[in-house]
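Student: What follows is a structure written as structure tokens; I'll ask about it next.
The values are calculated or read from the model by the stated rules, or taken from the named source; none is laboratory data. Owing to the predicted nature of the structure, the values given are computational and were not obtained by experimental measurement. Cβ atoms come from the backbone with ideal geometry, glycine included; neighbour counts cover every protein chain shown.
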Amino acid sequence: MTHASHALHHSHPDRAKHGQAPEHHAELEEVLDLDARLGASVLSQAMDDAVQALATEPREIVDLGAGTGTGTVALAHRFGRARVHSIDASVGMLDRVREAAREAGVAERVQPHLADLDGEWTADLPDGIDMAWAALSLHHVEDPPRLLRQLFESLRPGGVLVVIEMTGETSYEPADLGTRRARLGNRIVDTLAARGYPVTADWTDALTSAGFAPVRRRETSVTASTETRDGSRYLEVQLAFNRALLAEGMDSDDLDAVDEVITQLGGGYSPLAVASGRVIWVAVRPDVAA
């Protein structure tokens, strides 16, 4: 796995062995929810790619590191005959999954599983999973090759694994975030990257080594803008969430400018957008009968 430059920090405390303090959970959950809503087109594209790779409609789907449940609900809506097994290591997150599934009217087809992806998470799953989904979660496990082998064995021949990760491509518009501090956005990205946030990964070789073939890779992006309420709130919460990290590497003038932007975003006065890269992999367990 590699670290790359990116302005968005999505470290998930309940998918990692060591998380952040509990007071950060609410902020993080909101960022995750907003990211998923703003990235709906990426989720849709990934599901389209999965459909093209599958020979039949999926009936059993696994959502690895389900988080707040946005992906689980999207999968249940898209694949109306499927049961979605939502796996997370946090009781609180699984409660959010249940709530989201109830609100979306798909609770009867969502089955939460409390499990650690570095443990024996496959124990309660049915044989022959049709599709596995890992959106911004795979990089949190301690032994990715082991997890990929488990996924390969859990999928039926012809089954599909979808992985979504961030890339190192992030840009703010305007580049000074409206502060007249030239290239402030670049310094935000670089400061977070120097502290390893967020973690990004390229899984192409690892997926191939695990036995998947073909492995298809697509690059895309997510844009958050103050032109929408969700986009404005996302920019505000994301900058506020990363404020402590930025304080470790930015000078006081830059930090004052960041604080000004956060305040303006909260008041709805700052025209701003951020574009961040994503990668989608669709990996197939070869069908021996093919």
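Student: State which residue pairs qualify: first residue surrounded by fewer than 17 Cβ atoms within 10 Å (Cβ to Cβ) and inside segment 136-160, second residue hydrophobic (A, V, I, L, M, F, W, C) in any location, beta carbons under 6 Å apart, and separation of 6 or more residues or different chains.
Tutor: Arg149/Ala210; Pro157/Val288
Student: Shifting gears a bit: Right, Arg98: in contact with a strand residue (DSSP E or B) (Cβ under 7 Å, 6 or more places away or on another chain), assigned to a helix (DSSP H, G or I), surrounded by fewer than 22 Cβ atoms within 10 Å (Cβ to Cβ) and modelled with pLDDT of 95 or more or not?
Tutor: Yes; evaluated as a whole, the condition is true for this residue.
Student: Separate question: Name the pairs: first residue in segment 110-128 and under 20 Å from Pro58 (Cα atoms) and in contact (Cβ under 8 Å) with a residue 60 or more places away in the chain, second residue part of a strand (DSSP E or B) and of a type in the set (Asp, Glu), Cβ to Cβ under 6 Å, at least 6 apart or on different chains?
Tutor: Pro126/Glu60
Student: Name every residue in segment 238-274 that is buried (at least 16 other Cβ atoms within 10 Å of the Cβ) and more than 17 Å from Ala175 (Cα to Cα), in order of residue number.
Tutor: Selection gives Ala240, Phe241, Asn242, Leu245, Gly249.
Student: Just to confirm my filter: which helices (runs of 4 or more DSSP H) fall fully inside segment 206-268 and include at least 2 residues that are farther than 21 Å from Glu30 by Cβ?
Tutor: 252-267
Student: Of everything in segment 165-221, what is under 28 Å from Arg285 (Cβ atoms) and either aliphatic (A, V, I, L, M) or out of contact with any strand residue (DSSP E or B) (no Cβ under 8 Å at 6 or more places or on another chain) (or both)? Give them in sequence order.
Tutor: Met166, Val199, Ala201, Asp205, Ala206, Leu207, Ser209, Ala210, Gly211, Ala213, Val215
Student: Here is a follow-up. Among the residues of segment 58-77 satisfying the criterion of being assigned to a loop (DSSP other than H, G, I, E, B) and free of Cβ contacts under 8 Å to residues at least 60 places away in the same chain, which is surrounded by the fewest Cβ atoms within 10 Å (Cβ to Cβ)?
Tutor: Thr68
Student: Could you check how many residues of segment 140-195 are acidic (Asp, Glu), within 26 Å of Ser270 (Cα to Cα) and in a helix (DSSP H, G or I)?
Tutor: Of the residues in that region, 1 qualify.
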